[in-house]
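Every number here is computed from the coordinates shown, using simple stated rules; none is lab data. Keep in mind that what you see is a predicted model, and the values were worked out from it rather than measured. We place every Cβ from the backbone using ideal geometry, glycine too, and count neighbours over all the protein chains shown.
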Amino acid sequence: CFSGFSSLSGPSTVTGPEGGSLSVQCRYKEKYKAFPKYWCRQPCLLLWNQMVETRGSEGEVQSDRVSIVDHSADLTFTVTLKNLTADDAGKYRCGIATILREEGLHGFLPDLFFQVQVFVS
């Protein structure tokens, strides 16, 4: 993970039953409250492999079998994967999109993220 790891945290592994669902809660620091939060399967190359991303606080965004909700009052966001299949097992990224959003800075900043290993039992 990147050096901003302490600004974003959560479980390193999660397990869910085949046909069932699992949830991952990601916690962030207050200064990232207004930034888009996302969940994607590794490798997350630019935005092409991005599965789902918040567009604003407190709204739920759903894409196929994946949903993400930003609970900005608690400084957390929750990702839920439904109808799990064996193919869903793998490495994912729980992240905050920070590129070109830090005030007063020009150019690209790396996203904050941590890796989550998903197991399907």
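Of note:
- Two-site label geometry, Arg65 and Asn83: point separation in nm, points 7 Å out along Cα→Cβ: 0.7 nm
- Net charge in the neighbourhood of Gln115 (other residues with Cβ under 12 Å of its Cβ; Lys, Arg +1, Asp, Glu -1) is +3.
- Spacing of the two label points (7 Å from each Cα toward its C-beta) at Ser121 and Gln25, in nm: 2.0 nm
- Each residue of the range 75-80 was assigned a 3J(HN,Hα) from its phi angle through the Karplus expression (A = 6.51, B = -1.76, C = 1.60, θ = phi - 60°), giving 6, 9, 9, 10, 10, 10 Hz with x at Gly and Pro.
- Straight-line cross-link reach from Lys82 at under 21 Å between alpha-carbon atoms covers these lysines, not counting any fewer than eight positions away in the same chain: Lys37, Lys91.
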